[in-house]
Amino acid sequence: MNRYQAAYTIGFDYGQRNAVELECRARIRERLPVIAEWNGALEADRLVALDFLQGLGESALTSDRPIEAAGSGLPNTFVPGRNLMFLTVAAALAYKLGIRHIVGGMCETDYSGYPDCRDESIRSLQAALNAGMDSRFEIETPLMWKNKADTWALAENLGGDRLVDLVRWETHTCYLGDRTTKNEWGWGCGSCPACELRRDGYLAFRRKPAS
């Protein structure tokens with residue numbers, strides 16, 4: 001965050017199964033700049049409705065279905081086009097505001113295998129957006145080559161235990177939307193793929209010797 005004097009935030013309501021994702025946003029947005037000791041300006045937030053994605057393809061993230069592998073080999077939590085649509089809408093807003101840098105949290109180091117999280121996909125989309133809008137956008141993905149343990153460590157480096165605790169208790173990743181089961185690594189069912197990645201990363205982070 002300290003690389004920028006100002007930041008805009010954007011969220012998406014795409015008919016996701018768990019509205020808790022949207023409920024977490026306000027608390028994180030309010031507390032993150034303070035804990036990370038960022039002196040820049042936190043500008044306007046946008047919440048964009050993309051609920052048509054819910055009807056375009058079957059996904060366990062947009063309907064009440066068991067989580068399992070699909071015939072394609074991908075998990076059925078994959079929402080086709082989701083990240084591509086998110087970044088395209090963010091770029092349209094950035095164009096209007098005169099912003100070049102778009103930051104996303106995609107990662108392909110340890111993830112669920114979604115093709116639109118891969119660096120190749122993001123670089124290709126960046127080229128398409130720049131060609132289509134005659135712009136020079138840079139889509140930054142600071143977590144792309146970090147595993148989940150590295151991401152927890154990054155939070156600690158940026159804001160110490162306060163930021164680690166903000167991520168533990170105020171962010172949400174559980175595919176089932178469980179905010180009743182409290183674990184060492186945060187809220188969640190503990191058995192869905194998202195919880196497993198979060199748990200394993202947190203425990204690996206805590207096992208690392210202090211630098």
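Could you tell me whether any residue of the range 64-75 is assigned to a strand (DSSP E or B), of a type in the set (A, V, I, L, M) and either more than 20 Å from LEU166 (Cα to Cα) or without any contact (Cβ under 8 Å) to a residue 24 or more places away in the chain (or both)?
Yes; the residues of the range 64-75 include at least one that is assigned to a strand (DSSP E or B), of a type in the set (A, V, I, L, M) and either more than 20 Å from LEU166 (Cα to Cα) or without any contact (Cβ under 8 Å) to a residue 24 or more places away in the chain (or both).
Right, TYR8: among the aromatic types (Phe, Trp, Tyr), at pLDDT below 90 and surrounded by 13 or more Cβ atoms within 10 Å (Cβ to Cβ) or not?
no
For the range 98-211, which fully contained helices (runs of 4 or more DSSP H) count at least 1 residues that are farther than 24 Å from PHE86 by Cα and open to solvent by less than 70 Å² (accessible area, probe 1.4 Å)?
Here the list reads 148-170, 193-207.
Spot the failing condition for TYR4; the list is (1) over 28 Å from TRP187 (Cα atoms); (2) part of a helix (DSSP H, G or I); (3) not basic (Lys, Arg), and only one is missed.
For TYR4, the exception is condition (2).
The values are calculated or read from the model by the stated rules, or taken from the named source; none is laboratory data. Every value quoted in this text rests on a predicted model; they were computed, and no experiment measured them. Using ideal geometry, Cβ is built from the backbone for each residue, glycine included, and neighbour counts are taken over all protein chains shown. For accessibility, only protein heavy atoms count, side chains too; no ligands or nucleic acids. Shrake-Rupley method; radii C 1.70, N 1.55, O 1.52, S 1.80 Å.
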